[in-house]
1. Pairs only if they're at least six apart or on different chains, beta carbon under 7 angstrom, first in the range 100-112 and under 18 Å from Pro136 (Cα atoms), second of a type in the set (Gly, Ala, Ser) and open to solvent by 30 Å² or more (accessible area, probe 1.4 Å); list them, first residue then second.
2. Can you name every residue in the range 60-81 that is under 17 Å from the mean Cα position of the chain (by Cα) and open to solvent by less than 60 Å² (accessible area, probe 1.4 Å)?
3. Got a number for residues in the range 1-60 being part of a loop (DSSP other than H, G, I, E, B), more than 29 Å from Gln103 (Cα to Cα) and of a type outside the set (S, T, N, Q)?
4. Just to check your reading of the model, which residue among Leu83, Leu78, Leu93 is touching a residue at least 60 places away in the same chain (Cβ under 8 Å), part of a loop (DSSP other than H, G, I, E, B) and among the hydrophobic types (A, V, I, L, M, F, W, C)?
5. Residues of the range 23-58 being basic (Lys, Arg) and open to solvent by less than 50 Å² (accessible area, probe 1.4 Å), which ones?
6. Could you please find all residues in the range 121-135 being without any contact (Cβ under 8 Å) to a residue 60 or more places away in the chain and open to solvent by 60 Å² or more (accessible area, probe 1.4 Å)?
7. Just one of Gly138, Gly114, Gly118, Gly106 is outside any loop (DSSP other than H, G, I, E, B), out of contact with any Phe, Trp or Tyr (no Cβ under 7 Å at 6 or more places or on another chain) and either at pLDDT 90 or above or open to solvent by 50 Å² or more (accessible area, probe 1.4 Å) (or both); which is it?
8. Out of Val12, Val85, Val110, report the one residue that is touching a helix residue (DSSP H, G or I) at 6+ places or on another chain (Cβ under 8 Å) and either among the charged types (D, E, K, R) or under 30 Å from Val150 (Cα atoms) (or both).
Amino acid sequence: MVVGRIGRPHGVRGQVTVEVRTDDPDLRFAPGAALLTEPAARGPLTVEAARWHSGTLLLTLVLPDGTVVADREAADELRSTQLLVPVEDLPELDDPDSFYDHQLVGLAAVLPDGTPLGEVTAVRHEGTELLVVRRPQGPELLVPFVTAIVPTVDLAAGRLVVDPPEGLLDL
């Protein structure tokens, strides 16, 4: 499961910015945490140090050969690398109305009357969670992942119900 994506270097000492894609960044990016990568050849990477700077997570990373990323050029070579944790390492969620992104991606989205709407292809975390639904015709649909609009998520059946407010399907 993707927990972050490496962005641009920060400073000249090898720190990288991270676009966080997890609800628990302090756990996922704690010093000593090993992270798988996509592309896989860049990892695994180990977190040497982590700190927040003006709302942005900054990491110092250790390469697979044990070398600390110590300069801007080496940090820039990691840009756009996705950081992952194995799905089996994820803890069970206590709240039955909470889901990991990987559980939602691939679900069929249907209207309350059962009419197919499309397939969930991604989950965006932009203030609120947004489901990206690919429709058979037309542009992708962004659906706020809130109970009022997505009242039912049935993982066993592989679908979720979208009860859109007026105008949502026209965007």
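1. Final answer for the pair search is Val105/Ala122.
2. Selection gives Thr81 alone.
3. Matching residues across the range 1-60 total 4.
4. Answer to the selection: Leu78.
5. Arg28
6. If the condition is that a residue be without any contact (Cβ under 8 Å) to a residue 60 or more places away in the chain and open to solvent by 60 Å² or more (accessible area, probe 1.4 Å), then Arg124, Glu126, Gly127, Thr128, Arg134 are the ones that fit.
7. Residue meeting the stated conditions: Gly118.
8. Val85
The values are calculated or read from the model by the stated rules, or taken from the named source; none is laboratory data. What you see is a predicted model; the values in this text were computed from it and never measured. Neighbour counts run over all protein chains shown; Cβ positions are idealised from the backbone, glycine included. For accessibility, only protein heavy atoms count, side chains too; no ligands or nucleic acids. Shrake-Rupley method; radii C 1.70, N 1.55, O 1.52, S 1.80 Å.
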